[in-house]
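Nothing in this text is a laboratory measurement; each read-out follows from the coordinates by a stated rule. These numbers come from a predicted model, not from an experiment.
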Amino acid sequence: MRVLVVEDDPSLGATLRLGLGAEGFDVDVVTTVADAVAAAERGTFQLALVDVNLPDGSGFALCPRLKDRGLMVVMLTARSDVADRVHGFELGADDYIPKPFAFEELVARLRAVARRPGSEALPVLSFADVEVHLERQQALRGGHPLDLTRREYDLLCYFLRNQGRVVTREQILDRVWGYDAEVSDGVLDVYISYLRRKLEAYGPRLIHTVRGFGYTLRAAEAEDAQA
């Protein structure tokens, strides 16, 4: 299941990204109401974990906007008053988890919300003959299973979600490794090379370098100014 975490605390956001990722969730983290709305409009999220106190507005106000886009919403906040919880539910929140929280309980409650009738996980990311089955965390090309490391898997998922777009090296490092990770461009080059080698064992190149900009996922064609 793809989860949008809306949390302006960098430390907690990073912890949720890594912890939920380890539990099989596919996680993006944003820090503002504006970024959350933009992500919901362009993404394929099923659930949002939303803090109430955000720098450009309230998670309470964000809740119905996300619900209108078909997301389940779990409120995550230090506000634990009954009135606040009731207000969140009145706005359509599917659950309400006060801080501090036990991570195991958070995971259990997210899964409980995801199992409710009408909640459907995104089954497959695909492009050309490449498929990633998110529920099984399995990647295939032309029906052949790809033996990917966790980082290669995350990198492939990122390219699949941004197919046809040119993404910069900075964007890849931020989304796949985390904005505060100390990762050199050389490490990114190595992982791109690994992923390409595994994909190209079963077909032509799909991940192309756009000189001076970054990378793009597109079907094999004349290289133009790309390599």
For segment 41-103, take the alpha-carbon Rg, divide it by the Kirkwood Rh, and send me Rg/Rh.
0.95
Under the Karplus relation 6.51 cos²θ - 1.76 cosθ + 1.60, θ = phi - 60°, what is the ordered set of whole-Hz ³J(HN,Hα) values for segment 85-93, x standing for Gly and Pro?
5, 4, 4, x, 5, 5, 7, x, 4
What residues have an amide H closer than 5 Å to that of GLN138, excluding those fewer than 5 places away on the same chain, when H is modeled at 1.01 Å from N in the peptide plane?
HIS133
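With viscosity set to 0.692 mPa s and temperature to 37 °C, compute the Stokes-Einstein D of segment 124-217, Rh being the Kirkwood radius across alpha carbon pairs; µm²/s, no decimals.
Values: Rh = 13.4 Å.
Answer, rounded: 244 µm²/s.
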Per-residue HN-Hα couplings for segment 23-36 [Karplus 6.51, -1.76, 1.60; θ = phi - 60°; Hz; x = Gly/Pro]
8, x, 7, 9, 10, 10, 10, 10, 10, 9, 4, 4, 5, 5
Read phi for every residue in segment 151-167 and hand back ³J(HN,Hα) as whole Hz from Karplus 6.51 cos²θ - 1.76 cosθ + 1.60, θ = phi - 60°, with x for Gly and Pro.
5, 5, 4, 4, 5, 4, 4, 5, 5, 5, 6, 10, 4, x, 9, 8, 10
For LYS99, the residues 5 or more places away or on another chain with a placed amide H closer than 5 Å to its own amide H are THR77, ALA78, ARG79
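Could you compute Rg(Cα) / (2.2 N^0.38 Å) for the chain, with N its residue count? Can you show the working numbers first?
Values: Rg = 18.7 Å, N = 227, 2.2 N^0.38 = 17.3 Å.
Normalised Cα radius of gyration, the chain: 1.08.
For n ≥ 4 DSSP H runs only, could you compute -39500 (n - 2.57) per run for the chain, divide by its residues and tell me the 222 nm figure to the nearest 500?
Details: 8 runs with 86 residues, N = 227.
Mean residue ellipticity, 222 nm, calculated: -11500 deg cm²/dmol.
Could you work out the mean projected area of the convex hull around the alpha carbons of segment 2-114, in square nanometres to one decimal?
Values: hull surface 24.2 nm².
Mean projected area of the Cα convex hull: 6.0 nm².
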